[in-house]
Amino acid sequence: MHRHAQVEPDARTRGDLTAREVECLKWSAAGKTAWDVSVILSISRRTVEHHLANACTKLHAVGRTHCVVEAIRRKIIA
């Protein structure tokens, strides 16, 4: 029998998200719109949408809500 070691979540579990993608996801989880997040982070709305779309792709999510749920499930955000 093989013993399975407990390890920290690796890049596959985390989805290899950038710090900015995680930040955008956290604000989205708090109910902020892309425009709200753009004002908070001093970036364009389109850039926020780009970060969220990248996060969705990396987490294999079909939409923003699914992406937030996956990030919470994988303990990327709280």
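The table for this structure:
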{"read-out": "Ascending count of other beta-carbon atoms within 10 Å, so fewest first, for 69, 48", "value": "69, 48"}
{"read-out": "Region 18-73, relative contact order in percent, only Cα pairs under 8 angstrom and at least six apart counted", "value": "33"}
{"read-out": "Cross-link partners of residue 75 among lysines (Cα-Cα below 17 Å; sequence separation of 8 or more within a chain)", "value": "26, 58"}
{"read-out": "Rg ratio (alpha-carbon, reference 2.2 N^0.38 Å) - region 18-73", "value": "0.98"}
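Throughout, read-outs are computed from the coordinates displayed, never taken from laboratory work. Predicted, not measured: the structure shown is a model, and the values here were computed from it. With ideal geometry, Cβ positions are generated from the backbone for all residues, glycine too; neighbour counts draw on all protein chains shown.
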